């Protein structure tokens with residue numbers, strides 16, 4: 001698996017990820033990709049989690 005941050009931010013962070021399968025010979029094959037947006041929730045006392 002690989003992951004990286006595309007755009008870091010104070011509130012919103014955009015990331016991407018890739019998953020690879022390994023064959024018996026050791027060759028890697030891309031089997032999945034992910035795009036992700038993360039939101040930091042701080043200073044909001046009415047939100048629990």
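Please treat every number below as a calculation from the coordinates, not as lab data. Quantities reported herein were computed from a predicted structural model and do not represent experimental measurements. Using ideal geometry, Cβ is built from the backbone for each residue, glycine included, and neighbour counts are taken over all protein chains shown.
Place a label point 7 angstrom from the Cα of residue 47 along the Cα-to-Cβ direction, then list the residues of the stretch 9-32 whose backbone nitrogen is under 18 Å away. Inside the label zone: 9-15. Convex hull volume of the Cα atoms of the chain, normalised per residue: 87 Å³.
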